[in-house]
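Okay, structure first, notes after.
The values are calculated or read from the model by the stated rules, or taken from the named source; none is laboratory data. Model, not experiment: these values are computed from the prediction. A quick note on method: Cβ atoms are made from the backbone with ideal geometry, for glycine too, and the neighbour counts reach across all protein chains shown. Each accessible area value is taken on the protein alone, full model and side chains, heavy atoms only, with ligands, DNA and RNA left out. Shrake-Rupley method; radii C 1.70, N 1.55, O 1.52, S 1.80 Å.
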Amino acid sequence: MKQKRWLIRNDYDVEVVEGLAKKLNVDRIIATLLVERGVTTFEEARRFFRPSLEQLHDPFLMQDMHQAIARIDKALVNHERIMVYGDYDVDGTSAVALLYSFLQTQSDNLDFYIPDRENEGYGISFRGIDYAKETGVTLIIALDCGIKAVEQVDYATECGIDFIIGDHHLPGEEIPRAVAVLDPKRNDCPYPYKELSGCGIGFKIVEAFMEHRTGVRACDNPDDLDDTERELREKMLLILLHYLDLVAVSIASDIVPITEENRVLATFGLKVINTHPRPGLEAILRYGHISPKGNGHGDKSSTAEGHVNNYFEKELTISDLVFLVGPRINAAGRIHSAFDSVRLMLCDNKATASKLAEEINNYNMERKGLDTAATEEAKRRIESNATLKARKSIVLFDEEWHKGVVGIVASRLVEAYYKPTIIFTRSTDDMIVGSARSIKEFDVHTALEQCADLLEHFGGHRCAAGVSLRPENLDIFIERFETVVASSLDSADMVPEVEVDAEISFAENLTPKFLRILKQFAPFGPENNVPVFLSRHMVDTGYARIVGSRHLKFNAIQLDERSHSYPAIAFQMGECYSQMKAGQPFDLCYQLEENYWNGKTEIQLNVKDIKFQE
C-alpha cells in the first residue's frame, strides 16, 4: 500500500467558525466544514442548504447570448436546417441530447453530429462541416467544444453555415469568428459563474430561449410577479426541470465543481432522475443493479421545486452517476459510436431504450477488457525497467493500445504511481495521440505548453489534457516532458495526500443531528467533496476479513470510548489485515457514507488510509 501524507486542514478563521456555529445552532465540526467550503454567513448557509431555481443566474448575462438566441429564433422562423454538434464524451453527448430534444419541440428540420474519436478526433471537424453542408444545414450549434476552432468556423462561413459555439474550456489567443461564442471563461464574459459544464451551457441556451419567449426568468422572485407572470414562470420551470437530469449526469461525469449554480443544477437534476428518470437513464442504471420501485413513479407536488418521492429503491447520488452512468455512456464513443449514447438519452420508448442500453453495456464490458490489458502491460513495463521506474513522469507508447482507453489507463497509472502520466497510441492518420493525467501538485497543461514546439495539438486543463505529435518527435518529447516535471516536483510532491477536514470522536461527534446535517451537504463533488475525517486510537472489534481479492472489511471502535462501532470498508488495503486482526491500534482517515444492501441502509466508514500505531 503506497504511503500517504495526511494534511489536516486549518485554512479557516477560528472566530468565524465559532460565530457561524452559534448563528446556525450547529456544532463546531459542521461549522468548520461550511467555512472550508466558503460558507461564512447565515445567508450563505441558507443558500447552501436550500438550493433554489431562483439562484440561477440570468443566462443573458453571458457574453453573446442575445446574438445566439436571435440567430436560433431566426432559424426556427425561417425553417432553416439546424445541426447540434457535440464532443463524444458524456458532457458532449448529454449536451447534444438536451438541446436537440428541446429544439425538437420547435422544429422538425434538425440533425445532430458527434465526431468519430478514431477518424476525426476531438472538437469540430472539417468532415462534420462537410456533412452539414451536404445535408443543407445553415446553422450549427456546437456544445462542449469549439472555443479554439478558428479555422473550422472560418471554413463553415465559406460554406454558408453560421456557427454558435457553447463551450466551457479555456479560450486560446483568438476567439472564433462565430455568430455567438458562449463561454464563461472568455476574458470579456461577465457571467458570474465560470464552472458550468458543456451541457450546462446548453441548458442556459434553453433557459435563455424560454425567457425570450415568456418574458419571465427562472431567477425571478415569485413574490415580485403578478399572477400571470407567476403562472408563466412555473410552466417554464416545469419545462426546464425536464432537462436537468442530463445536466446532472454531465456535472458528475465531467468532474466540474459542484458549487453555486452547478450545485443548484445538480440538486434538481438528481431529483428528476430519482423521480421521473428518462427511459434511457433508467435502462442504463439497471446494468448497475439499480432498479425502480415496484409501485411506480412517486407523486409530484403542485410546484416545480416541490418534494417528490423516489422512483428507485435507493436515492441515487452524484457518485452513482459517476460510476454507473458515466462510464457506460462514454464507452459507446470509446469503442463504437457516440451517436448511440445520444440516441439512448433521446429515447422515449422503454423497449428501445433497453436494447440500446444493452448494446452500450456490452461496449463498456469490451472497454473494461481493453483498459485492463493495457494497464497491466504498462505496469509490467514500468516494474521491469529501473530507468522508467525512477523517473518522475510516466510517458508510454504502444501502437496496439486502443485510442478510446488511453485516458483511463493514464488515470489508473496516476493512482498506482502518483506521477504525471501520458499514454500514447497511434492514430489512423499515422500521428501519435495520447491522453495526459496529472497529480494535484502539477499543472500538466502548463508543462505541455513548454513542449509546444514538439506537438501538433494539445488542449485541456491543469489535471488532464489531450496531445498529438508526429512519430519522429516522440522520443524528444518524452525527455523534454521528464525534464519539465523533474524541475517542478520534489520527492515530497510524489507522495499522495489525504486532505482531512476535521478530527472527530465517535462518541462526541457522530450524533443523529450531526449525521442528518452532514447528509444535507450533498450533492458532493469537486470543491464540495465528501468530508474526510480523522479518528485516532482505533481497533477492530474482531470482524476483520478480506473481501474480493484485496479489500478489507472490519468494524472500527475507539479504544478510549468504546461507545459505538461502525462497519468499515478499505478498498485495496488487504495487506493491513494481519496487523488489524492481531489487535494493533490504528488511526483512521475515512468518509462517512450510507451503505445500501438488501433493502437496508447503514452508516459505513469508507476508509482513505490507515496508520498503525507502534
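Any chance you could count how many residues in region 119-129 are surrounded by fewer than 22 Cβ atoms within 10 Å (Cβ to Cβ), out of contact with any Asp or Glu (no Cβ under 8 Å at 6 or more places or on another chain) and not in a loop (DSSP other than H, G, I, E, B)?
1
Within region 107-118, is even one residue closer than 25 Å to D220 by Cβ, outside any helix (DSSP H, G or I) and open to solvent by 10 Å² or more (accessible area, probe 1.4 Å)?
No, that holds for no residue.
Say we look at region 418-432 and pick out the residues that are open to solvent by 20 Å² or more (accessible area, probe 1.4 Å) and touching a residue at least 60 places away in the same chain (Cβ under 8 Å); which of these is nearest to D116 (Cα to Cα)?
This residue is T428.
Scanning region 78-96 for residues that are assigned to a helix (DSSP H, G or I) and hydrophobic (A, V, I, L, M, F, W, C), which turns out surrounded by the most Cβ atoms within 10 Å (Cβ to Cβ)?
Within region 78-96, the match that is surrounded by the most Cβ atoms within 10 Å (Cβ to Cβ) is A95.
Of all residues in region 556-584, which are open to solvent by 40 Å² or more (accessible area, probe 1.4 Å) and of a type in the set (F, W, Y)?
Correct list: F571, Y577.
Return the residues of region 9-42 that are of a type in the set (S, T, Y) and either closer than 21 Å to P512 by Cα or not in a loop (DSSP other than H, G, I, E, B) (or both); say none if nothing qualifies.
Listed by number, the list holds a single entry, T32.
If you check every pair at least six apart or on different chains, which have Cβ atoms under 6 Å apart with a residue in region 585-614 that is loosely packed, with under 13 Cβ neighbours inside 10 Å first and a residue that is of a type in the set (D, E, K, R) second?
Listed pairs, sorted by first residue: T601/E594.
Could you please let me know if P471 is farther than 30 Å from R28 by Cα and either open to solvent by 10 Å² or more (accessible area, probe 1.4 Å) or at pLDDT 95 or above (or both)?
When the stated conditions are applied, P471 passes them.
Look at region 417-434 and say how many of its residues are in a helix (DSSP H, G or I) and either within 14 Å of R480 (Cβ to Cβ) or within 21 Å of the chain's Cα centre (by Cα) (or both).
Final tally of qualifying residues: 0.
I need the full set of residues from region 362-384 which are free of Cβ contacts under 8 Å to residues at least 40 places away in the same chain and of a type in the set (A, V, I, L, M, F, W, C), in order please.
M365, L370, A373, I382
Would you check which residues across region 61-77 are open to solvent by 40 Å² or more (accessible area, probe 1.4 Å) and touching a residue at least 60 places away in the same chain (Cβ under 8 Å) and list them?
L61, Q63, Q67 - these are the residues of region 61-77 that are open to solvent by 40 Å² or more (accessible area, probe 1.4 Å) and touching a residue at least 60 places away in the same chain (Cβ under 8 Å).
Condition check ((1) under 24 Å from the mean Cα position of the chain (by Cα); (2) among the basic types (K, R)) across all residues:
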site: N509; (1), (2): no, no
site: L515; (1), (2): no, no
site: Q520; (1), (2): yes, no
site: E527; (1), (2): yes, no
site: F533; (1), (2): yes, no
site: R536; (1), (2): no, yes
site: V539; (1), (2): no, no
site: G542; (1), (2): no, no
site: R545; (1), (2): no, yes
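Would you mention how many residues in region 357-402 are open to solvent by less than 30 Å² (accessible area, probe 1.4 Å), in a helix (DSSP H, G or I) and more than 30 Å from S491 (Cα to Cα)?
5
May I ask you to verify whether S52 is touching a residue at least 60 places away in the same chain (Cβ under 8 Å), of a type in the set (S, T, Y) and surrounded by fewer than 24 Cβ atoms within 10 Å (Cβ to Cβ)?
Yes; evaluated as a whole, the condition is true for this residue.
Taking the conditions exactly as written (open to solvent by 30 Å² or more (accessible area, probe 1.4 Å) and either within 21 Å of I129 (Cβ to Cβ) or in contact (Cβ under 8 Å) with a residue 24 or more places away in the chain (or both)), does D27 satisfy them or not?
yes
So, in region 563-583, of the ones that are within 27 Å of K519 (Cα to Cα) and touching a Phe, Trp or Tyr at 6+ places or on another chain (Cβ under 9 Å), which residue ends up modelled with the lowest pLDDT?
So the residue we want is S563.
Count, please, the residues in region 43-56 that happen to be within 17 Å of L518 (Cα to Cα) and in a helix (DSSP H, G or I).
The number of residues fulfilling the criteria is 6.
Quick test for you: out of G200, G136, G166, G160, pick the one residue that is modelled with pLDDT of 95 or more, surrounded by 18 or more Cβ atoms within 10 Å (Cβ to Cβ) and in contact with a strand residue (DSSP E or B) (Cβ under 7 Å, 6 or more places away or on another chain).
G166
State the number of residues belonging to region 116-165 that are of a type in the set (D, E, K, R) and without any contact (Cβ under 8 Å) to a residue 40 or more places away in the chain.
The number of residues fulfilling the criteria is 8.
Within region 513-546, take every residue that is among the polar types (S, T, N, Q) and out of contact with any strand residue (DSSP E or B) (no Cβ under 8 Å at 6 or more places or on another chain) and give me the one that is least open to solvent (accessible area, probe 1.4 Å).
N528
If I ask for residues that are without any contact (Cβ under 8 Å) to a residue 24 or more places away in the chain and either open to solvent by 30 Å² or more (accessible area, probe 1.4 Å) or closer than 17 Å to E207 by Cα (or both), which ones from region 223-269 would you list?
D223, D224, D226, D227, T228, E229, R230, E231, L232, R233, K235 - these are the residues of region 223-269 that are without any contact (Cβ under 8 Å) to a residue 24 or more places away in the chain and either open to solvent by 30 Å² or more (accessible area, probe 1.4 Å) or closer than 17 Å to E207 by Cα (or both).
Kindly indicate the residue of region 1-24 that is closer than 30 Å to G574 by Cβ and hydrophobic (A, V, I, L, M, F, W, C) and also most open to solvent (accessible area, probe 1.4 Å) among those meeting that condition.
Only one residue fits best here, namely M1.
Condition (residue is part of a loop (DSSP other than H, G, I, E, B), of a type in the set (S, T, N, Q) and crowded, with 20+ Cβ neighbours inside 10 Å) applied to region 435-444: is it met by at least one residue?
Yes, the conditions are met somewhere in region 435-444.
Residues I165, I201, I175, I161: which one is over 23 Å from V247 (Cα atoms) and under 28 Å from the mean Cα position of the chain (by Cα)?
Answer to the selection: I175.
Among (1) open to solvent by 10 Å² or more (accessible area, probe 1.4 Å); (2) not in a loop (DSSP other than H, G, I, E, B), where does S549 come up short?
(2)
Picking from F521, F477, which residue would you name as being outside any helix (DSSP H, G or I) and in contact (Cβ under 8 Å) with a residue 24 or more places away in the chain?
So the residue among F521, F477 that is outside any helix (DSSP H, G or I) and in contact (Cβ under 8 Å) with a residue 24 or more places away in the chain is F521.
Take the residues in region 280-306 that are open to solvent by 30 Å² or more (accessible area, probe 1.4 Å) and under 20 Å from S354 (Cβ atoms), then tell me which one is modelled with the lowest pLDDT.
Among them, the one singled out is H297.
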